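Reviewing the structure listed below.
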Amino acid sequence: MKDVPCHPLCIHRAEWIVPGDGIVISDGAVVTFGGKIVAAGAAKAIRLSYHGKTIDHGASVLIPPLVNAHCHLELSPLKWRLSPSSSFSSWVNSLVEARSRISPDEWLPAVMSAAKGLFEEGVLGIGDVGNLGIASRAMEKKDFPPFSGIFYREIIKPRGEPEDIKPFETGRFPKGKNGAGAAISFGLSSHAVYSASSQVIIRTKAWDRERRIPFQIHTAESPEEMEFVVSGTGPILDLLEERGHCITREEIPGCSPVRYLYRLGVLDSDTVCVHAVHVDEGDLEILKRTGASVCLCPRSNLFLDVGIPQVERFAAAGIPFALGTDSLASNDTLSIFAEMSSLASLAPTVPPGCILTAATEHGARAIGLSEIGVDAGENHPAPMGRLDPGFRATFLAIRADGIRDGEVLEYLVHGVTGPDPVSWICDPLRGA
Ligand SMILES: [Zn+2]
């Protein structure tokens with residue numbers, strides 16, 4: 001990974017640019033000034049209108065920064081400690097057991113290493129979820145990558161536990177910034193419909209809504225979750241009862257997780273249903289009507305053998321989908337390039353441009369960073385997700401030697417592995 005610093009007015013020319021919507025412009029250029037993009041398009045037209053220092057990135061593709069809209073950095077010490085599973089509930093038990101064996105001095109270095117790896121592979125936006133406080137401690141360190149996005153304190157409070165969510169409000173960052181000085185918001189999330197009571201889900205969503213923070217909840221991830229929420233039986237019930245929770249009949253939703261969340265009134269355009277593997281036509285209709293979006297984590301789903309997301313149906317229904325990796329307890333890397341490749345393989349009829357949009361613009365939307373015009377203040381940086389005027393002047397040059405015009409999107413989705421082809425332009429570490 002190499003870094004290219006920013007200049008006052010700078011024209012970044014490359015063999016291709018992909019500003020958004022999967023549109024590829026050959027011999028393209030992006031003009032930056034004062035930390036924002038002022039123009040993007042064909043290099044020939046840009047040269048007629050702008051004069052400034054030109055940096056030629058040669059055989060590269062300029063794309064917006066990537067977003068990992070759902071991860072759990074705090075579980076990074078569990079890398080390689082859990083095996084692919086055929087049962088979600090047995091994986092949960094293994095996770096709890098393996099977590100108890102991590103020694104105190106392993107946590108922080110593992111989280112820092114995973115975070116730096118994310119950044120080296122082109123991720124600038126994150127929706128990180130944790131409940132141990134490890135990742136938020138890492139975020140306060142000066143050498144933590146300058147991610148923007150949201151750190152969620154996750155609430156697990158099944159039925160029968162006190163419904164007060166106030167104790168979870170701790171852990172905000174001083175002045176809303178992390179150690180590297182980048183803006184990161186603090187939010188609350190509910191773990192899932194089976195592990196948080198209806199009142200906890202409603203209160204958590206209300207807390208986020210008041211602060212204009214998108215709300216996240218794991219939704220319809222496994223067949224075991226579906227069995228529990230629909231029938232009140234199965235391994236999830238055993239899991240809850242083993243932990244001392246006594247579940248009565250009237251506490252079972254009796255419908256799909258999406259319908260249940262709709263009934264609770266928590267689905268809107270600022271709600272992100274994470275995973276959404278098991279959704280039917282009625283669920284899709286609800287997501288479409290409410291404007292709620294989904295975040296897909298295909299490699300975690302494959303690791304846990306819980307099913308695969310129906311990408312074609314989301315694309316056909318016009319439901320925005322973002323990409324996440326979940327954690328290193330159910331994935332071998334936190335690479336969004338790897339996630340794009342997996343999703344594209346699972347859904348070969350979905351255009352690669354649509355997959356790239358999931359990893360950029362829709363990811364930024366899922367963490368509340370895609371809106372232009374909501375400028376404002378140091379804690380709300382310019383939006384990311386596109387190479388358009390007004391968006392932040394921090395983006396990626398992906399080296400693409402030997403790639404031809406018609407192959408650019410395929411290459412971005414399937415051909416980028418590891419950090420070597422990735423360079424940051426206007427590296428945020430250098431205060432662009
Ligand atoms: Zn998760």
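What trypsin sites (Lys or Arg not before Pro) does segment 236-339 have in DSSP loop regions with at most 16 other beta carbons within 10 Å?
Here the sparse-neighbourhood loop sites are Arg243.
Can you tally the net charge around Ala39? Count Lys and Arg as +1, Asp and Glu as -1, for every other residue whose Cβ sits under 14 Å from the Cβ of Ala39.
+4
If you fit an axis through the alpha-carbon atoms of helix 281-290 and take the longest principal axis of the Cα set of the chain, what angle between them do you get, 0 to 90°, nearest 10?
The answer is roughly 60 degrees.
For Glu407 and Ser90, calculate 0.36 nm times their separation in residues minus their Cα-Cα distance, and state this gained length in nm to one decimal.
Contour length minus Cα-Cα distance gives 109.9 nm.
Rank these by accessible area, largest first, 1.4 Å probe: Asp401, Asp332, Asp128.
The residues order as Asp401, Asp332, Asp128, largest area first.
On full extension of the chain, what length is gained from Arg289 through Ser113, given 0.36 nm per residue of separation minus the C-alpha to C-alpha distance?
Computed gain between Arg289 and Ser113 is 59.3 nm.
Report, for segment 1-98, the % of DSSP beta bridges that are antiparallel, rounded to 5.
The antiparallel proportion sits near 70 percent.
I'd like the carbon and sulfur percentage of the solvent accessible area for segment 66-366, probe radius 1.4 Å, heavy atoms only, ligands and nucleic acids excluded.
Carbon-and-sulfur percentage of accessible area, whole number: 52.
Determine the relative contact order of the chain: mean sequence separation of Cα pairs under 8 Å and six or more apart, normalised by residue count, in whole percent.
23
Treating only the Cβ atoms of Lys and Arg (+1) and Asp and Glu (-1) as charged, compute the dipole magnitude of segment 66-366 about its Cα centre; round to the nearest 20 debye.
That gives segment 66-366 a dipole magnitude of about 940 debye.
Which of Ile286, Pro235, Val38 sits closest to the plus end of the dipole of the chain, meaning its Cα is farthest towards the positive end, when Lys and Arg get +1 and Asp and Glu get -1 on the C-beta?
Of Ile286, Pro235, Val38, it is Val38.
Just to be sure I understand: with springs between alpha-carbon atoms less than 10 Å apart, which residue in Gly127, Gly363, Gly254 has the highest mean-square fluctuation in the Gaussian network model of the chain?
It is Gly254.
Looking at segment 66-366 only, what percent of DSSP beta bridges run antiparallel? Nearest 5 please.
5
For the chain, what is the mean residue ellipticity at 222 nm derived from helices alone (per DSSP H run of n ≥ 4: -39500 (n - 2.57); sum divided by total residues; nearest 500 deg cm²/dmol)?
Mean residue ellipticity, 222 nm, calculated: -8500 deg cm²/dmol.
Against the longest principal axis of the chain, how steep is helix 336-346, in degrees 0 to 90 to the nearest 10, with axes from Cα atoms?
The helix 336-346 is inclined about 70 degrees to the chain.
Taking the solvent-accessible surface of protein heavy atoms with a 1.4 Å probe, what is the per residue accessible area of segment 66-366 in Å²?
Ligands and nucleic acids excluded, the figure is 35 Å² per residue.
Based only on Cα atoms, what mean projected area does the convex hull of the chain have, in nm²?
If I average the Cα hull's projected area over directions, I get 19.4 nm².
The values are calculated or read from the model by the stated rules, or taken from the named source; none is laboratory data. Here the structure is a predicted model, which is why all the values come from computation and not from measurement. Counting neighbours? That spans all protein chains shown, and the Cβs are built from the backbone with ideal geometry, glycine included. Ligands, DNA and RNA are excluded from the accessible area calculation, which covers all protein heavy atoms including side chains. Shrake-Rupley method; radii C 1.70, N 1.55, O 1.52, S 1.80 Å.
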